[in-house]
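Data block below; observations after.
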Amino acid sequence: MKNHILISMLFLMASLSALAQPINRPTYAALLKSAEEELEKKQFLNAYEKYSEAYEESKDPDLIILMADLAFKLRDYKNSEKWYQRALKKSKKNKNAEKWEDKRFELARSLKMNEKYDEAIEEFDKYIAGAIDPVRKELAESEKIGCEFARVAKEDETVSVTNAGKEVNTKISEYSAFLTNDNKEMYYASLNSDEVIVVGKDSSDDYQSKIYKSIRGEKGWEKPTPLDEAINRPGFFNANVTLSPDGKRMFFCREQIEGDVLVESKIWMSEGNGGSWGAANELAGVNGNFIAKSPSVGELFGKEVLFFVSDMEGGSGGYDIYYATYKGAGQYGDPVNLGPQINTVGNEDTPFYRDGILYFSSEGHPGIGGYDVFMSTWNGTRWSKPQNMGKPYNSSVDDLYFMLDKEGYHGFVVSNRPAEGARSLHSKTCCNDIYNVSLKKIEATVTALAYDSETKEPLNGVTFELIQLGDTPKTVDSKTNGSSNNYDTPLELDRTYIIVASAENYENDTFAVNTVGLFDSKNFPAKLNLKPGRITKKIVRNEPFVLENILYDFDDDKITLPAEGDLQVIYDLMNKYPDMVIELSSHTDARGNDEYNRNLSQRRAESARRWLTNKGIARTRIQAKGYGETQPKTVDAKTAKKFAWLKEGQVLTEEYINSLLPDSVRFEAAHQLNRRTEFKILEGPTSITIEEEQLIQIGNRKVDGSAPPKTEPNKDEKKPAPNNNRKPNQRNKKGKGNDSPGGDSIPGFIQLEKAMMKDSAKIHPLSSLYGKKDLKGLPIMQFDERIYDMGKVKKGEIKEHTFNYTNVGDVALDIDLISVCECTTYEFAPSVVQPGGKGWIKVLFDSNKKDESDTSDVDIYLKNIDPEIDAPIFERVQFKYELVQ
């Protein structure tokens, strides 16, 4: 049964006659007619009671399956198990067993809800063996996996789930409990009655569910008060309440019910402050000719979205989870289905988003009971495989509306579990109660002390780095303690760390810390002993460090053999510090044209980056900057010591260098000092230590004041123009030095060429732009080929292919990320392609990781946003292959 706010409306419509024994016993025919009338009106409780009376009167075997189905709808699983067992038991009296064989699915689910997992598995196996309906068969397979999981699942001892108490929980169901930011108030929906509500001539018109507020007192949740008619509109069932993260907006549903069936639900929003809520407005963009319910505010692609549940056409199952992007002024974009990673052929409901994690309930994913709570993490582009939250979050029955507060230690779950304190009007599992969820607050810390390993004395001035290990290790903290030898820091739970202690002229020492599986708070003491004797140099974040061997031939940007030594050092450091992001900058001297020098230095910086990326360093970890002549070198202590005629702090400006003439030796040496490549740390460790061997490698460049260097005379300057008599500081009319090489381009021809390219663009169906009429202001990736056939590939063979493309749009194209399967690696360049520019994506396919022929997708996500759908532009290319042994 599709679970919603009124799954227990069966109690609202019950007739008073169901509560009292009539004086004159009605005939079987009368009872049967009455039961059929109640069933037609979808009054399931009344129908069940009438059919039960009729069965007692007649023992008619045809009524058994009707009572079983109704008990199942009413979540009376003990009775549904009993009646389904009878219906499917073959005997002389029961000639309908084979006809009702498809109901074995409901029997198996009833056994599962009653925690009879072994018996349930047997029944699911029987059902699967003869199943005809592919959807129910798929659900049965999932239910069987859930049973196997339930048999071994253990309670999480750090979590407690307790009934919220009789002040808020009635014998009829409660729904959608939500905490305010201060954890002092709770909003929830309820019919707020312990008695059967009779809808008829003598009943009140005000019987629908309302949204209530309860305050947390010293003894727990206090008696609630209903919100006013700005929220609780008369004539509607008001339900599914939730708040925005700042607590200033309330989202909820107004619903209509026919019998016990939800026939209409729309999402509304009210703004408020201090507990007072204004008039509500129906949300534009998320409501339509379908059910829209269970709203929850979240974030995707850096923008606010509203998650909600709907049965709109095109979904995976009965109810699916969707999101709509908030555009402002109460307007939302078109709903987007979360896809098959989240939604199943069954029902998903009650999403809740917190810190990149989506919690939701599902009866389609393998679960312990009916609806189980699952969690899935958003990595910026896709959802992770949903993970069952386990016990005690989940029970053998239905668990919905899970939520946690901002700190993640307190929240709610709504459940019909037969737990201590549970209140139900009919069977033990008919009705929902609100349960408090509390997580034990476990804290982990480390206290590290550094010592000289020989003197055993405390060692001050040590840099402590905290590195979190995992698939991609990263430095999460770094601190240099100048006045003492200690380091204290909190740690995240379920993580593995290494502390690296370093100091100049000392060897590093490390200490491993593991916080996985802690059940109590713990401080980890760490003693680090640093051995003296190592000659080191500390490089601090955002301080440039000169790579003295990265030299270039005249007017060229190719990496020379001496440069590879320095780049190898950078490569080793990037591997040692996998979260480090650096800037590689190239600088020229002041001779030559400004623009030409900038372009040349940019090409040189990109050459250095390309050398590193070709060895496997991610391009996003290296920013290549060509500064040309704009940042002359400032003389440091090391340089001043090498050149006695230079003073520390002197800036080697063009004016200063020209003042060195007529001493051409010093003049050329100063220019060469300006021609340099530097790297500096932008992100990751706040400092790193380079050892003596590395210092030797990056410090062996020959630059002195005795004679001009022979290896690179005038390396950065443009080749001299005919005017060789110009003085070093003489300027032409167009700028510094000589004009840049090459002729001027023809702007009109370039614009015409771009227009022709755009007019000829054909949007491929594998592009998210396919079908758009207005492509103005958008980048367009026009590939030479979208689908490449690798042909026959022998198992174990590695194949590569390069997809070339042109940006035929009228704005720059900016690649954010590329997603491929585990069988494929990729490279691409450049990351930004101007209009008319070209780029490439090279894929390397490893057939060892595949067992059959297939077509593999290469998904390309751009930073460019399609304003029509308010989402990143998506492109796809494919390669296919025939795998042969």
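The values are calculated or read from the model by the stated rules, or taken from the named source; none is laboratory data. From a predicted model like this one, the values you see are computed outputs, not experimental measurements. Heads up, the Cβs are rebuilt from the backbone with ideal geometry, glycines too, and the neighbour counts pull from every protein chain shown. In case anyone asks, the SASA skips ligands and DNA or RNA and just uses the protein heavy atoms, side chains included. Shrake-Rupley method; radii C 1.70, N 1.55, O 1.52, S 1.80 Å.
Values computed for the structure shown
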quantity: Subset tally (residues that are modelled with pLDDT of 80 or more and open to solvent by less than 60 Å² (accessible area, probe 1.4 Å)) for the stretch 85-102; calculated: 3
quantity: Search result, residues across the stretch 113-164 that are open to solvent by less than 60 Å² (accessible area, probe 1.4 Å), over 35 Å from the mean Cα position of the chain (by Cα) and not hydrophobic (A, V, I, L, M, F, W, C); calculated: 114, 123, 127, 130
quantity: Enumeration of residues in the stretch 321-353 that are acidic (Asp, Glu) and either touching a Pro at 6+ places or on another chain (Cβ under 8 Å) or open to solvent by less than 20 Å² (accessible area, probe 1.4 Å) (or both); calculated: 348, 349
quantity: Qualifying positions in the stretch 622-643 - open to solvent by 10 Å² or more (accessible area, probe 1.4 Å) and out of contact with any His (no Cβ under 9 Å at 6 or more places or on another chain); calculated: 623, 624, 625, 634, 636, 637, 638, 639, 640, 641, 642
quantity: Index of the failed condition, residue 619 passing every other in (1) more than 23 Å from residue 573 (Cα to Cα); (2) surrounded by fewer than 20 Cβ atoms within 10 Å (Cβ to Cβ); calculated: (1)
quantity: Of all residues making up the stretch 37-61, the number that are open to solvent by 50 Å² or more (accessible area, probe 1.4 Å) and either touching a residue at least 40 places away in the same chain (Cβ under 8 Å) or more than 21 Å from residue 257 (Cβ to Cβ) (or both); calculated: 6
quantity: Some residue of the stretch 525-537 being open to solvent by 40 Å² or more (accessible area, probe 1.4 Å) and on the phi > 0 side of the Ramachandran plot; calculated: yes
quantity: Every residue from the stretch 165-178 that is at pLDDT 90 or above and crowded, with 23+ Cβ neighbours inside 10 Å; calculated: 169, 174, 175, 176, 177, 178
quantity: In the stretch 274-301, residue most open to solvent (accessible area, probe 1.4 Å) [restricted to those that are in a loop (DSSP other than H, G, I, E, B) and farther than 15 Å from residue 333 by Cα]; calculated: 289
quantity: Residue list for the stretch 595-616, filter: touching a strand residue (DSSP E or B) at 6+ places or on another chain (Cβ under 6 Å) and open to solvent by 10 Å² or more (accessible area, probe 1.4 Å); calculated: 598, 602, 606, 609
quantity: Subset tally (residues that are open to solvent by less than 50 Å² (accessible area, probe 1.4 Å) and touching a Phe, Trp or Tyr at 6+ places or on another chain (Cβ under 9 Å)) for the stretch 423-444; calculated: 13
quantity: Cβ-Cβ under 8 Å pairs, at least 6 apart or on other chains, the stretch 630-642 side farther than 30 Å from residue 596 by Cβ, far side open to solvent by 40 Å² or more (accessible area, probe 1.4 Å) and charged (D, E, K, R); calculated: 637/648; 640/647; 640/648
quantity: Any hit, the stretch 361-373, residues being under 25 Å from residue 875 (Cα atoms), open to solvent by less than 40 Å² (accessible area, probe 1.4 Å) and at pLDDT 95 or above; calculated: no
quantity: Given (1) loosely packed, with under 14 Cβ neighbours inside 10 Å; (2) within 29 Å of residue 527 (Cα to Cα), number of the condition residue 420 does not satisfy; calculated: (2)
quantity: Selected residue (criterion: farthest from residue 860 (Cα to Cα)) from residues of the stretch 785-814 that are open to solvent by less than 10 Å² (accessible area, probe 1.4 Å) and of a type in the set (A, V, I, L, M, F, W, C); calculated: 793
quantity: Scan of the stretch 644-670 for residues that are open to solvent by less than 30 Å² (accessible area, probe 1.4 Å) and under 50 Å from the mean Cα position of the chain (by Cα), ordered by number; calculated: 652
quantity: Unmet criterion (only one of (1) under 19 Å from residue 381 (Cα atoms); (2) touching a residue at least 12 places away in the same chain (Cβ under 8 Å); (3) of a type outside the set (Phe, Trp, Tyr)) for residue 272; calculated: (1)
quantity: Breaking point among (1) of a type outside the set (A, V, I, L, M, F, W, C); (2) open to solvent by 10 Å² or more (accessible area, probe 1.4 Å); (3) on the phi < 0 side of the Ramachandran plot, for residue 259; calculated: (3)
quantity: Residue within the stretch 114-121 that is modelled with pLDDT of 95 or more and over 18 Å from residue 72 (Cα atoms) present; calculated: yes
quantity: Qualifying residue in the stretch 578-594 (condition: of a type in the set (D, E, K, R), assigned to a loop (DSSP other than H, G, I, E, B), closer than 30 Å to residue 501 by Cβ and open to solvent by less than 50 Å² (accessible area, probe 1.4 Å)); calculated: yes
quantity: Hey, residue 318 under 30 Å from residue 38 (Cβ atoms), in contact with a helix residue (DSSP H, G or I) (Cβ under 8 Å, 6 or more places away or on another chain) and open to solvent by less than 60 Å² (accessible area, probe 1.4 Å) or not; calculated: no
quantity: Scope the stretch 375-417; condition open to solvent by 30 Å² or more (accessible area, probe 1.4 Å), aromatic (Phe, Trp, Tyr) and outside any loop (DSSP other than H, G, I, E, B); matching residues; calculated: 378
quantity: Sole residue being more than 16 Å from the chain's Cα centre (by Cα), free of Cβ contacts under 8 Å to residues at least 12 places away in the same chain and not in a loop (DSSP other than H, G, I, E, B), chosen from 309, 263; calculated: 263
quantity: Selection count, the stretch 439-471, where residues are touching a residue at least 40 places away in the same chain (Cβ under 8 Å), part of a loop (DSSP other than H, G, I, E, B) and among the aliphatic types (A, V, I, L, M); calculated: 2
quantity: Matching residues, the stretch 620-642, being at pLDDT 85 or above and assigned to a helix (DSSP H, G or I); calculated: 620, 621
quantity: Hey, residue 866 modelled with pLDDT under 85 and either at positive phi or surrounded by 14 or more Cβ atoms within 10 Å (Cβ to Cβ) (or both) or not; calculated: yes
quantity: Filter result for residue 836 (in contact with a Ser or Thr (Cβ under 8 Å, 6 or more places away or on another chain) and assigned to a loop (DSSP other than H, G, I, E, B)); calculated: yes
